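Below you'll find the structure, written out as structure tokens, and then a few comments.
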Amino acid sequence: MINLVPRKEIPLRLTLMTTGIAVALTLVAGAGIFAILGYDPLAALYQFFIAPVSRGYQIADLFVKACPLIIIASGLVFSYRANVWNIGAEGQMIFGALFSGYVALYWGGMPAPLLLPVMILAGMLGGLVWAMIPAILKTRFNTNEILVSLMLTYVAALFIDWTVRGPWRDPMSFGFPLTPMYPDAGLISKVDLPGVGRLAQLHWGVVGALLLAVVAWFVLRHTMVGFQVKVMGDAPRAGRFAGFRPALVTILVLSISGGAAGLAGMVEVSANIGQLQPNISFGYGFTAIIVAFLARLNPMAVIIAGLVVALAEMGGDAAQIAMGIPKVVTGVFKGILLFMLLAGETFNRYHVEFRLPGAAARAAAKEGSGA
Amino acid sequence: MLEDLILTVLMTSVPLVYAATGELIVERSGVLNLGVEGMMLMGAVAAFGVAMVSGSLVLGVFAGAVAGMLTAGLFGILVLGFATNQVATGLALTIFGTGLSGLVGAPLIGKAIGGLPQISLPVLSDLPVVGKLVFSHDLMAYGAVVMVALVAWFLKRTRGGLVLRAIGDNHDSAHALGYPVLGVRFMAVLFGGMMAGLGGAYLPLMLTPHWAEGMTAGRGWISLALVVFASWMPWRVLVGALIFGGITIMQLAGQAEGWTVPSQFLSMLPYLATIIVLVLISRNRDFALANSPACLGRAFHAGK
């Protein structure tokens, strides 16, 4: 039996320690799974976590891979802190790509310096609009935002599929489901520093993502908005007494997380793909949920968490190429990591005592006789 | 033609009935398990793998139930033993189940179930040879109705059902009365896993005779919505599942008939219908929350 005694406060050292142990245990569990599947566990772990970053330029690629995760998770942190469960970031990301794609494809004639900023705004608006559906349904009709935001992800995936096969398809694409390429002014350029040159595929969106995480951290930590979000999550009753409006906070955090996801969709397409296609995301919206939890819902830590999870994603590719391990094993890793982190959270919040059932009864009897 | 259509609708709704009825018991005990999709996938892959190797549908169904239960056990240990956040743990279970089923199922892709005839619905009734298969399918479909009846009877007419509902409505009082809150919840979670596993097993064994990664395509999530639709009453699950089965088949039939609406929009229908139904149900607070377990999603530990 497990006995939980709440702690009065959670020291940072403890949080760091449980997070580290969670990651370590995930690696051990992963090694066990590889061994069961008949792969050399050490070689597999090497392919997963070291091979992808064994060369300098690959570290730049790691940041590129982490970019959408960091952007989305920075927004999700607000939602989860407020106890609003937006799990439809994937769909919001798709709508961000669609809105910004419309600007790039149909308003491309505007003055070149304006195009990217307008696309960024359109991307955020797209994600926000898609997140407003669960927000309004939740605040007006008390409809469960988890199910609605998730259902809308399926709808969004089907919708983009239709646009790129139907009305937006490039007539010159030889029947491939692709839109025309964006105009050059609508592409996010690669980082190209004087004297240093290019750093692999590193693009300015990555720099933006890092800045965004810092801004998110500042807003959550040092502003009234962030305070309201945290109070509504931790102590909604106290929040209502203080005059905070739960509905407003719900709409706010869904706007933030939806807008961030939409921005990620815009960045991903403009920096890496250059046109719309049926799949613009590879589950980034779902993976970002794990990033947010790995970061313990702290936007600053989202940067590190995003890099760690991106490493596992790249490792999945590397292990598939080098050892033929199916890439879906990354999903198993992600699931186990999330399990470990959540269990670790318990060790943060409680003193955890393990007792044998007999021992518990004896202790209870002792307490009883003492009283 | 109409008969075939109705038969297909019935078959489509069977997995939903299993998964939603299981989740209904879980939620009535006060636990929210969002991992239905993951448990269904684990059930599906285990059922297909075992049925393929053993050549026995019955063993496959059994394996699906066990796999669902084991997956749910993991959730139960975390949520009940470690009092973790139920929403996040459920999501983790779905991610984990999707990944693990894909990994285990990788060698099964493209395989048909060995030793069993292909299930081709429209001519099924004309083939006396596959009568056993029809019987076996009927058994699972009838089984779904029986499970709903059993669950309804258990909740309403038995002492165990009363205890389960008491724990879901007020775990502190139930604990004070001496009921084993965590023990009952763990049993409920295992039952939910078994039912999700059965629902998952139905997909590759009966509905589409092959295994594909992520083949549940959101059915686990729709089952969760069905529990809300049913306002936590077992018989209403049956009604809801039939409606969703009908919508799914309608859009497939529409695509086959060559409706002018793009196929993507038809494919959206089940998901949009889920949202609309959720809104219609939840906008009426009294109706929606009358049977809603008061402690749903809240962690319990005795030391509180």
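The values are calculated or read from the model by the stated rules, or taken from the named source; none is laboratory data. This is a predicted model, so every value here is computed, not measured. All Cβ positions, even for glycine, are placed from backbone atoms using ideal geometry, and neighbour counts span all protein chains on display.
Here are the numbers for the structure shown:
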quantity: Checking B:Ile167 against (1) closer than 25 Å to B:Ala67 by Cα; (2) buried (at least 24 other Cβ atoms within 10 Å of the Cβ), the condition it does not meet; calculated: (1)
quantity: Only listed residue being more than 19 Å from A:Pro183 (Cα to Cα), away from chain B (no Cβ under 13 Å), in a helix (DSSP H, G or I) and at pLDDT below 90, chosen from A:Val302, A:Val308; calculated: A:Val308
quantity: Qualifying residue in region B:278-286 (condition: surrounded by fewer than 23 Cβ atoms within 10 Å (Cβ to Cβ), part of a helix (DSSP H, G or I) and more than 14 Å from chain A (Cβ to nearest Cβ)); calculated: no
quantity: Those residues of region B:217-235 which are within 11 Å of chain A (Cβ to nearest Cβ) and either aliphatic (A, V, I, L, M) or part of a loop (DSSP other than H, G, I, E, B) (or both), in sequence order; calculated: B:Ala217, B:Gly218, B:Ile222, B:Leu224, B:Ala225, B:Leu226, B:Val227, B:Val228
quantity: Residue within region B:208-216 that is charged (D, E, K, R), in a loop (DSSP other than H, G, I, E, B) and touching a strand residue (DSSP E or B) at 6+ places or on another chain (Cβ under 8 Å) present; calculated: no
quantity: Residue in region A:119-134 that is in a helix (DSSP H, G or I), within 30 Å of B:Gln86 (Cα to Cα) and in contact with a Pro (Cβ under 9 Å, 6 or more places away or on another chain) present; calculated: no
quantity: Elements of type helices (runs of 4 or more DSSP H) contained in region B:20-120, each with 2 or more residues being more than 11 Å from chain A (Cβ to nearest Cβ) and free of Cβ contacts under 8 Å to residues at least 24 places away in the same chain; calculated: B:36-54, B:57-76
quantity: From B:Gly258, B:Gly245, residue being free of Cβ contacts under 8 Å to residues at least 40 places away in the same chain and more than 14 Å from every other protein chain (Cβ to nearest Cβ); calculated: B:Gly258
quantity: Residue list for region A:14-53, filter: more than 14 Å from chain B (Cβ to nearest Cβ) and either within 19 Å of A:Ala292 (Cα to Cα) or small (Gly, Ala, Ser) (or both); calculated: A:Leu14, A:Thr15, A:Leu16, A:Met17, A:Thr19, A:Gly20, A:Val23, A:Ala24, A:Ala31, A:Ala43, A:Ala51
quantity: Test: residue in region A:73-85 that is modelled with pLDDT of 90 or more, charged (D, E, K, R) and closer than 17 Å to A:Ile188 by Cβ; calculated: no
quantity: Residue under evaluation A:Tyr57, criteria (1) under 15 Å from A:Val308 (Cα atoms); (2) among the aromatic types (Phe, Trp, Tyr); (3) in contact with a strand residue (DSSP E or B) (Cβ under 8 Å, 6 or more places away or on another chain), criterion not met; calculated: (1)
quantity: Lone qualifier among A:Ala66, A:Ala51, A:Ala29 - being in contact with a helix residue (DSSP H, G or I) (Cβ under 7 Å, 6 or more places away or on another chain) and modelled with pLDDT under 85; calculated: A:Ala51
